[in-house]
Amino acid sequence: MKKYLFFLPVLLLTVILSPVTSHAADTWSGGFSSVNPIYYNVHTNDTYKNNYIVPAARNWNGISSKVTLSNWQNSAAAIEVYAETTSDPDLLGEFIPYYTDNFGRHRDTSCYCHTWNGGGDLIGYYDNMNKNNMTDSQIISNYTHEFGHSLSLGHPSESSASVMHQGIQSIGPQSLDKSNLRKRWGY
Ligand SMILES: [Zn+2]
């Protein structure tokens, strides 16, 4: 994945916009058109995949009958999952959705209001996770958070417990996350 050339400007944009996006709605209007199932393809070694990424995806299954994250090691999967490094010392993970229209493929990072027919990249930054001595459950929680974004969940405004709050946590989906998931996709 050749991302480096446009990576720095986007990170700067993320920092500038973060006060705005952190006030985003609990759920985003945009997203994949259907997530039952939605397929993810993992680009790490099998140990990393089985220890962290598969458990993180499974955390979202069984909450709504309309939501199933399913591993499919195929280039046609909608979500591409990576473990990478970053020059941003504070970034633990990122989900980058894309949509395509007549003018090409675009990142949906300004409004999260498009239909993600171009798929998405889900990235955990292992250099920063290592730097923070994150435990296995914290790493799973980090990937769970990013998978939550892939299911159109934003950062909640409520202060109650949520895996969708930013920062280092060791929790899976909480009551607030489950109700937001059902609010977005149905029961
Ligand atoms: Zn987030």
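List of remarks:
- Antiparallel bridge percentage (DSSP; both residues within segment 43-187; nearest 5): 60
- Stretching the chain fully between K131 and L91 yields a gain of 13.3 nm (0.36 nm per residue, less the alpha carbon separation).
- In summary, segment 36-185 shows an alpha-carbon radius of gyration equal to 0.99 times the 2.2 N^0.38 Å reference for compact globular proteins.
- Counting only Cβ charges, +1 for Lys and Arg and -1 for Asp and Glu, the dipole size of segment 49-112 around its Cα centre is about 360 debye.
- Per-residue Cβ neighbour rank within 10 angstrom, fewest leading, F147, F32, F103: F103, F32, F147
- About the Cα centre, charge dipole magnitude for segment 45-153 (Lys/Arg +1, Asp/Glu -1 at Cβ), debye: 340
- Most mobile of G93, G118, G154 in a GNM of the chain (Cα contacts under 10 Å): G118
- Mean residue ellipticity (222 nm) of the chain, computed from DSSP H runs ≥ 4 via -39,500 (n - 2.57), nearest 500: -9000 deg cm²/dmol
- Mean Cα-pair separation over length for the chain, i.e. relative contact order, pairs under 8 Å, 6 or more apart, %: 28
Bear in mind these aren't lab numbers, they're just calculated from the coordinates by the rules spelled out. Here the structure is a predicted model, which means the values were calculated and not measured. Note: ideal-geometry Cβ built from the backbone for every residue, glycine included; neighbour counts use all protein chains shown.
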